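The values are calculated or read from the model by the stated rules, or taken from the named source; none is laboratory data. None of these values were measured; they are calculated from a predicted model. Counting neighbours? That spans all protein chains shown, and the Cβs are built from the backbone with ideal geometry, glycine included. Note: areas computed on protein heavy atoms with side chains; ligands, DNA, RNA excluded. Shrake-Rupley method; radii C 1.70, N 1.55, O 1.52, S 1.80 Å.
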Amino acid sequence: MDFFYETKEFFKSVFQWWVIIAPWEQAVRVRLGKTVTPIGCGVCIKIPFIDRIYKQPIRLRTLSVPNQSLMTSDKKLVILSGSLSYKVVDLLKLYQTLHDPKGVIIQRVQGIVSKCVVATALEDLSPQGIMDVVNEELSLEQYGLCGSDFFLTGFAHVKALRVITGELSSGDNDYFTGIDTTSSVN
């Protein structure tokens, strides 16, 4: 039964002559692999085997920037994480410039944060300062995106870290001791 349903869905998608683009989406049409045309919302005619339609939601998105463990200029360990909000404004430019927007944005944010933290002493480092630097330096307009609003979701200074190596005695299962994460973002 699944075979017949899958076959029906395949032929339906292959021979469908129209695509509906919702108001919160943008689309581009690629004709014969050469001509690329942006398409607005509504019903769009698609010629089977000639046209390929790529749709993308243009609503606000939020990416989680994973934890980073960085050393400040005075050799203090800082662990931080964040989030970034952005929105697609020009789908054609996005498809022409980036293959993996999420990956590129996360890598750029982590690079800016890393550059900021490594060049600053712990006493001069503040969560608001890091957020301001990222929001000033990150430019997503060149990729057809806007609204790069970065905010930290976690910020901690690790005061002491001791790693126990070798074999553990019975009952001793603490690998990391002395971790103090008293600084945090409210």
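For a Förster distance of 35 Å, can you work out the FRET efficiency between the beta-carbons of Y54 and Q107, rounded to the nearest 0.05?
Once rounded, the FRET efficiency stands at 0.90.
What accessible area, in Å² to the nearest ten, does a 1.4 Å probe give for E6?
Approximately 120 Å² for this residue.
Quick check: net charge around G33, other residues with Cβ under 11 Å of its Cβ, Lys/Arg +1 and Asp/Glu -1?
Every neighbour counted, the sum reads +2.
Would you rank V14, V28 by solvent-accessible area, highest first, keeping every protein chain in place and using a 1.4 Å probe?
Solvent-accessible surface, decreasing: V14, V28.
With every protein chain present, what accessible area does S73 have (1.4 Å probe, heavy atoms only), rounded to the nearest 10 Å²?
Probe radius 1.4 Å; accessible area of S73 about 60 Å².
How charged is the neighbourhood of K115? Take every other residue with its Cβ under 12 Å from the Cβ of K115, and add Lys/Arg as +1 and Asp/Glu as -1.
Residues near K115 contribute 0 overall.
Kindly rank 20-26, 105-111, 7-13 from highest to lowest mean number of other beta carbons found within 10 Å of each residue.
So the peptides 20-26, 105-111, 7-13, ranked by packing, come out 105-111, 20-26, 7-13.
For the range 4-107, just say rounded, prolate or oblate: build the C-alpha gyration tensor, square-root its eigenvalues into a ≥ b ≥ c, call rounded for a/c under 1.5, and beyond that prolate if a/b exceeds b/c, oblate if not.
Judged from the Cα gyration tensor, the range 4-107 comes out prolate (a/c at least 1.5, a/b above b/c).
Largest first, how would D74, D51 line up by accessible area (1.4 Å probe)?
Order by accessible area, largest first: D74, D51.
I want the local charge near L70. Using Cβ-Cβ distances under 13 Å, sum +1 for each Lys or Arg and -1 for each Asp or Glu among the other residues.
Net of charged neighbours comes to +2.
How much accessible surface area, in Å² rounded to 10, belongs to the heavy atoms of Y95 with a 1.4 Å probe?
The accessible area of Y95 comes to roughly 90 Å².
Nearest 0.05, what FRET efficiency do A119 and C146 give at R0 = 22 Å with Cβ-Cβ as r?
Calculated transfer efficiency: 0.20.
Taking only the alpha-carbon positions of the range 46-143 and ignoring solvent, what does the Debye formula give for the base-10 log of I(q)/I(0) at q = 0.10, 0.13, 0.16 Å⁻¹?
Values, matching the q order: -0.37, -0.55, -0.74.
Only Lys, Arg, Asp and Glu count, each charged at its Cβ (+1, +1, -1, -1), so figure out the dipole size of the range 1-85 about its Cα centre, rounded to 20 debye.
280
What is the percent carbon and sulfur in the accessible area of the range 1-75, measuring with a 1.4 Å probe over the protein chains and ignoring ligands?
Of all accessible area on the range 1-75, carbon and sulfur atoms account for 64 percent.
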